[in-house]
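Let me begin by presenting the structure, written as structure tokens, before commenting on it.
The values are calculated or read from the model by the stated rules, or taken from the named source; none is laboratory data. On a predicted model such as this, the values are computed, not experimentally measured, just so you know. Heads up, the Cβs are rebuilt from the backbone with ideal geometry, glycines too, and the neighbour counts pull from every protein chain shown. For the accessible areas, the whole protein counts, side chains as well, though only heavy atoms, and no ligand, DNA or RNA atoms are used. Shrake-Rupley method; radii C 1.70, N 1.55, O 1.52, S 1.80 Å.
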Amino acid sequence: MADPAVASGGSLNAGGRGSGGKAASSPAENYYLARRRTLQVVVSALLTECGFESAEKAAVETLTEMMQSYISEIGRCAKAYCEHTARSVPTLSDTVVTLIEMGFNTDTLPVYAKRSQRMVITAPPVTNAPVTPKALSAGQKRTHPAHIPSHFPEFPDPHTYIKTPTFREPVSDYQVVREKAASQRRDVERALTRFMAKTGETQSLFKDDITAFPLIAAQPSTIPYLSALLPSELELQTLEETDSSEQDDQTDSENAAGNIINDDPGADKENSMLPPSGGVPSTKATEDNVIDNPYLRPVKKPKVRRKK
């Protein structure tokens with residue numbers, strides 16, 4: 001502090017305020033900076049009382065940090081003594097015991113408080129402590145009844161013991177449902193179009209920028225008239241249903257004929273002597289000749305013999 005960097009006692013306060021002049025982004029930082037600025041003003045006043053006319057900014061910051069640490073230690077020890085005696089609020093006796101424990105002579109406090117060159121500092125503006133935002137808000141917070149002392153902890157937030165529904169009733173309005181369905185359909189079509197554009201070949205409206213307005217490239221077929229000749233899905237489904245019903249009737253007739261044959265033992269011998277070009281193989285051959293495409297053939301169900 002021998003090398004002056006600030007010109008006067010008033011500049012001590014200005015230098016102290018310079019460090020906390022930057023804008024804070026949250027209420028907690030604003031609250032901290034306001035208290036830090038007050039301590040810097042107090043340190044500057046004490047330096048002026050001691051006869052200093054100027055001080056470096058680093059020296060003021062160091063003294064402010066020492067004073068803040070000293071006050072914080074007094075509060076921490078006083079709180080510890082308070083809780084040791086089963087109390088929640090520190091009293092004057094806790095503070096006195098703390099000062100004695102830290103090696104401070106408490107008898108010099110009245111004389112120091114009545115000193116003549118004492119500087120009066122204007123009270124800082126009242127700053128409210130930062131309020132932590134609540135995650136959920138439900139109902140009204142309860143106060144303590146008459147039989148509960150006021151120093152007891154407050155009741156928890158109402159959402160911890162009040163039933164809070166977390167679901168919404170389904171929307172049944174016809175217009176809203178139709179609009180939502182149309183929006184979902186549009187989103188699905190757009191997503192599928194983008195997927196096909198990313199995974200397949202695309203064409204662009206602009207030669208310079210290929211990524212702008214991509215279009216799904218048309219894939220020409222070698223036989224363009226093939227789709228007109230092949231049956232549609234509806235025709236295939238109708239054909240399969242007709243074939244399956246005919247096959248069921250044929251299976252029932254074969255099972256009935258098998259039951260009659262099993263009743264006649266002589267018929268079994270005659271059937272065993274049938275040549276390969278018998279009636280049954282010829283029927284299968286005619287079925288295979290009707291539809292050559294294996295993918296269009298009807299499903300062959302296993303033969304089920306009925307119990308007598």
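Starting from the amide H of Thr202, placed 1.01 Å from N in the peptide plane, find each other amide H under 5 Å away whose residue is 5 or more places distant or on another chain.
Residues meeting the criterion, in which the H sits 1.01 Å from N, are Ala217.
Below 14 angstrom from the Cβ of Leu234, what's the summed charge of the other residues (Lys, Arg +1; Asp, Glu -1)?
The answer is -4.
Residues in the range 85-108, backbone N under 12 Å from the label point at His147 (7 Å along the Cα-to-beta-carbon vector): list them, ranges by number please.
Within reach of a label on His147: no residues.
Tell me the carbon and sulfur percent of the accessible area for the range 66-119, rounded to whole percent, probe radius 1.4 Å.
Carbon with sulfur: 64 percent of the solvent-accessible area.
Just to check I understand the Karplus step: with θ = phi - 60° and J = 6.51 cos²θ - 1.76 cosθ + 1.60, what whole-Hz values come out for the range 194-199, glycine and proline as x?
5, 5, 5, 5, 7, 8
Under 17 Å from the 7 Å Cα→Cβ point of Asn293, by amide nitrogen: which residues of the range 219-242?
Flagged as within label range: 222-242.
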